[in-house]
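Below you'll find the structure, written out as structure tokens, and then a few comments.
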Amino acid sequence: VQLVESGGGLVQAGGSLRLSCAASGRTLSTYDMGWFRQAPGKEREFVGILWSGGSTVYANSVRGRFTISRDYAKNTVYLQMNSLKPEDTAVYYCARKVGGIYYSTTAYDYWGQGNQVTVSS
């Protein structure tokens with residue numbers, strides 16, 4: 001499975017971006033898909049997860065602003081980010097969950113290459 005991310009960039013505070021995570025080699029529809037982010041000098045942190053059944057869980061810091069969705073036909077998962085803040089600046093990663101605690105990086109096996117999101121104040 002290869003996960004390829006796109007859609008990052010520079011945006012002003014209050015703006016929006018949508019990240020895409022396209023999969024090749026295996027359908028994502030039966031997997032739980034997570035998003036993480038890593039700011040400079042910090043550990044990679046959980047952002048949210050889209051369960052295979054369609055429900056979602058988000059970190060407190062992004063709940064109400066970020067939304068994860070899936071396009072089955074395109075085998076792609078999205079992270080819609082609204083009302084962005086400077087503290088959202090980080091490299092964002094999508095990943096496929098295979099087991100374990102959903103907010104832990106150890107629960108995921110395949111990762112995207114990372115996508116820089118920079119929010120200016």
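The values are calculated or read from the model by the stated rules, or taken from the named source; none is laboratory data. As the structure is a prediction and not an experimental result, all values here were calculated from the model. Cβ atoms come from the backbone with ideal geometry, glycine included; neighbour counts cover every protein chain shown. Note: areas computed on protein heavy atoms with side chains; ligands, DNA, RNA excluded. Shrake-Rupley method; radii C 1.70, N 1.55, O 1.52, S 1.80 Å.
Some observations on this one:
- Test for Glu87: is it among the acidic types (Asp, Glu), open to solvent by 60 Å² or more (accessible area, probe 1.4 Å) and either assigned to a loop (DSSP other than H, G, I, E, B) or at pLDDT below 95 (or both): no
- For the stretch 46-65, filtered to residues that are in a strand (DSSP E or B) and either touching a His at 6+ places or on another chain (Cβ under 6 Å) or in contact (Cβ under 8 Å) with a residue 24 or more places away in the chain (or both), the residue that is surrounded by the fewest Cβ atoms within 10 Å (Cβ to Cβ) is Val57.
- Total residues in the stretch 90-120, condition among the hydrophobic types (A, V, I, L, M, F, W, C), open to solvent by 40 Å² or more (accessible area, probe 1.4 Å) and assigned to a strand (DSSP E or B): 1
- Looking across the stretch 73-84 at every residue that is farther than 21 Å from Val57 by Cβ and touching a residue at least 24 places away in the same chain (Cβ under 8 Å), the one that is least open to solvent (accessible area, probe 1.4 Å) is identified as Asn75.
- The number of residues in the stretch 16-45 being among the small types (Gly, Ala, Ser) and surrounded by 15 or more Cβ atoms within 10 Å (Cβ to Cβ) comes to 4.
- Reported count of residues in the stretch 33-44, each being in contact with a helix residue (DSSP H, G or I) (Cβ under 9 Å, 6 or more places away or on another chain) and part of a strand (DSSP E or B), is 3.
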